[in-house]
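These notes are about the structure you will find just below.
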Amino acid sequence: MALHPYDLYDVRSLLSEEEQAVQDTVARFTDERVLPIIGDCFDEGRFPVELIPEIAGLGLLGATLPAEYGGSELNYVSYGLICQELERGDSGLRSFASVQSSLCMYPIYAYGTDEQKRRWLPDMAAGKVIGCFGLTEPHGGSDPGNMKTHARRDGDDWVLNGSKMWITNGNLAHIAIVWAQTDDGIQGFVVEKDFAGFSAQLVKHKMSLRASVTSALFFDNVRVPEANRLPNVKGLKGPLGCLTQARYGITWGPIGAAIACLDEALGYSKERILFGRPVAATQSAQLKMADWARRITAAQLLSLQLGRLKDAGKMQPTQVSLAKWNNCRMAIDIAREARDLLGGAGITTEHCPIRHALNLESVITYEGTETVHQLVVGRELTGINAF
Ligand code: TGC
Ligand code: FAD
């Protein structure tokens, strides 16, 4: 029996029935609703907001959270599969879901009060309240411990000043999870869109993640009530704990992007006749595509084992760093090589490889650059902090 070209090791057989059903549902959504429009969205620099109710309706926002907060009570392997299938469509859609689920709903769930959870989580799961996550600042995102944004207690409020840069969903969001330095260390605040002194400005001229909203956030003496402070965490481990959740999902996403590129290149190279034979019949094309399949297979197994560790409560941040580094590198290399295999046709968004290659420039940079993750692994191996 022929092997599945995008699953040479039958990794799908390692999934439960429920996990397979989640994957099939999101795959159908991507095929039917995302792929027909996403090239145009990328060209126009437009995030497809019209898909938000459908994404929410499928239970993809806060999918791992308990039902009492609007979640779907799925396991983390299922969350990974959601990321993979969304990113097979476009990294912008996976980014939207990662930010909403892992960077905004997760901190409210993990660090918030019961009242905060009840107030925001069900509406966030329903896609009625959109969140963004403000950690990075203009002077250097790799070193968030050096943040300048600060909050000072004043009576029943906090007064927030500073700015954040490169914030996904910034101009879409109704609430921003903002991390600020305080006299008591770094703390998280839920800043509402209409708070006086809070503004967002779109980042323009992006060549990457064009089907995603990216913004700068500004805080000019913004008064944030104490009721909007996330009380159950202090210090850098608060935002880094959220990043571990999101980075886990990001290990899966680029597998989807790489599969999309392999799919496109396989189809194209079988049809493209040069020197009297299909390009797919040449040894160099087969070597390339075989090598992509090898790298995709390794990434699939890496993320699945990471997911099983996470579901067992045993996943370590260093393991996430290794997989984020490996899988982003795998996908960006495949996307670039697939672009090459398509020749001139590869430079237009009529075909997906260049869109994925450009998107992956962001994916390999955000949530910790490749260098940051390499140094995390190096620190684990040597016991020496090289940052
Ligand atoms: P370090 O001394 O290592 O740690 C400080 C405290 O944090 C704890 N910790 C973690 N906790 C949970 N998860 C992790 N991954 C953690 N890493 C560290 C640590 O145990 C310690 O706790 P405690 O209790 O001892 O205080 O901190 P460091 O200053 O040496 O930083 C290390 C470094 C460089 C790895 C860290 O700063 C880092 O990860 N930098 C990269 C920043 C980053 O990834 N930013 C991403 C911004 S958000 C984003 O990009 C969203 S894009 C979303 C999208 O569109 O999809
Ligand atoms: P810098 O930290 O200035 O890094 C510059 C270079 O220095 C990089 O090559 C880096 O690898 C290298 N470097 C860093 N440290 C070392 C070292 N110790 N040794 C050697 N080299 C080093 N942030 C958010 O908070 N929320 C978001 O929603 C969000 N969304 C984003 C969306 C997009 C499209 C993009 C592009 C970014 C987003 N980010 C977000 C920001 C992202 O997390 C940062 O861009 C990233 O962490 C890197 O920070 P930086 O851009 O300031 O680069």
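The values are calculated or read from the model by the stated rules, or taken from the named source; none is laboratory data. In this text, all values refer to a predicted model and were calculated from it rather than measured experimentally. So basically every Cβ, Gly included, is an ideal-geometry build from the backbone, and we count neighbours across all protein chains shown. In case anyone asks, the SASA skips ligands and DNA or RNA and just uses the protein heavy atoms, side chains included. Shrake-Rupley method; radii C 1.70, N 1.55, O 1.52, S 1.80 Å.
The one condition from (1) away from ligand 2 (no atom under 16 Å from the Cβ); (2) of a type outside the set (Val, Ile, Thr); (3) open to solvent by less than 10 Å² (accessible area, probe 1.4 Å); (4) in a helix (DSSP H, G or I) that residue 63 does not meet is (4).
Which is out of contact with any Lys or Arg (no Cβ under 8 Å at 6 or more places or on another chain), assigned to a helix (DSSP H, G or I) and away from ligand 2 (no atom under 16 Å from the Cβ), of 338, 331? On inspection, the qualifying residue turns out to be 338.
Yes/no matrix, rows are residues, columns are (1) of a type outside the set (Phe, Trp, Tyr); (2) within 15 Å of the chain's Cα centre (by Cα):
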| residue | (1), (2) |
| --- | --- |
| 256 | yes, yes |
| 277 | yes, no |
| 290 | yes, no |
| 301 | yes, no |
| 325 | no, yes |
| 341 | yes, no |
| 349 | yes, no |
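Yes/no per residue for (1) within 16 Å of ligand 2 (Cβ to nearest atom); (2) surrounded by 15 or more Cβ atoms within 10 Å (Cβ to Cβ); (3) at negative phi:
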{"residue": "192", "(1), (2), (3)": "no, yes, yes"}
{"residue": "203", "(1), (2), (3)": "yes, yes, yes"}
{"residue": "217", "(1), (2), (3)": "yes, yes, yes"}
{"residue": "234", "(1), (2), (3)": "no, yes, yes"}
{"residue": "270", "(1), (2), (3)": "no, no, yes"}
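With of a type in the set (Val, Ile, Thr), open to solvent by less than 10 Å² (accessible area, probe 1.4 Å) and out of contact with any helix residue (DSSP H, G or I) (no Cβ under 8 Å at 6 or more places or on another chain) as the only criterion, which of 213, 178 stands out?
Numbers: 213 fails: open to solvent by less than 10 Å² (accessible area, probe 1.4 Å).
Within the list 213, 178, the selection yields 178.
Restricting the first member to region 44-65 and to residues that are in contact (Cβ under 8 Å) with a residue 12 or more places away in the chain and more than 22 Å from residue 80 (Cβ to Cβ), and the second to residues that are aromatic (Phe, Trp, Tyr) and open to solvent by less than 10 Å² (accessible area, probe 1.4 Å), the beta-carbon pairs closer than 9 Å and six or more apart or on different chains are 47/96. Residues in region 112-135 that are in contact (Cβ under 8 Å) with a residue 60 or more places away in the chain, of a type outside the set (A, V, I, L, M) and within 16 Å of ligand 2 (Cβ to nearest atom): 132, 133, 134.
Each row is one residue, and each column tells you yes or no for (1) acidic (Asp, Glu); (2) closer than 19 Å to residue 95 by Cα.
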residue: 132; (1), (2): no, yes
residue: 143; (1), (2): yes, no
residue: 153; (1), (2): no, no
residue: 156; (1), (2): yes, no
residue: 165; (1), (2): no, yes
residue: 183; (1), (2): yes, no
residue: 187; (1), (2): no, no
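Go through region 290-303 residue by residue and tally those that are among the charged types (D, E, K, R) and either open to solvent by less than 70 Å² (accessible area, probe 1.4 Å) or in contact with a Gly (Cβ under 9 Å, 6 or more places away or on another chain) (or both). Here the count works out to 2.
On inspection, residue 208 does not qualify as open to solvent by less than 30 Å² (accessible area, probe 1.4 Å), in a strand (DSSP E or B), closer than 30 Å to residue 336 by Cα and hydroxyl-bearing (Ser, Thr, Tyr). Among all positions in region 81-96, there is at least one residue which is touching a residue at least 12 places away in the same chain (Cβ under 8 Å), crowded, with 21+ Cβ neighbours inside 10 Å and of a type in the set (Lys, Arg). Here is the figure for region 158-175: residues that are within 12 Å of ligand 2 (Cβ to nearest atom) and either surrounded by 22 or more Cβ atoms within 10 Å (Cβ to Cβ) or more than 19 Å from the chain's Cα centre (by Cα) (or both) total 7. The single residue among 155, 185, 140 that is away from ligand 1 (no atom under 16 Å from the Cβ), small (Gly, Ala, Ser) and either surrounded by fewer than 21 Cβ atoms within 10 Å (Cβ to Cβ) or modelled with pLDDT under 95 (or both) turns out to be 155.
When only residues in region 347-387 that are among the charged types (D, E, K, R) and more than 10 Å from ligand 2 (Cβ to nearest atom) count, which is most open to solvent (accessible area, probe 1.4 Å)?
Start the filter on region 347-387 by keeping residues that are among the charged types (D, E, K, R), which leaves 350, 355, 361, 367, 370, 379-380.
Then drop every residue that is not more than 10 Å from ligand 2 (Cβ to nearest atom), which leaves 350, 355, 379-380.
Numbers: 350: 155, 355: 12, 379: 96, 380: 120 Å².
Only one residue fits best here, namely 350.
Set side by side, the residues 274, 306, 342, 287 differ, and just one is surrounded by 22 or more Cβ atoms within 10 Å (Cβ to Cβ) and farther than 30 Å from residue 142 by Cβ, which is 342.
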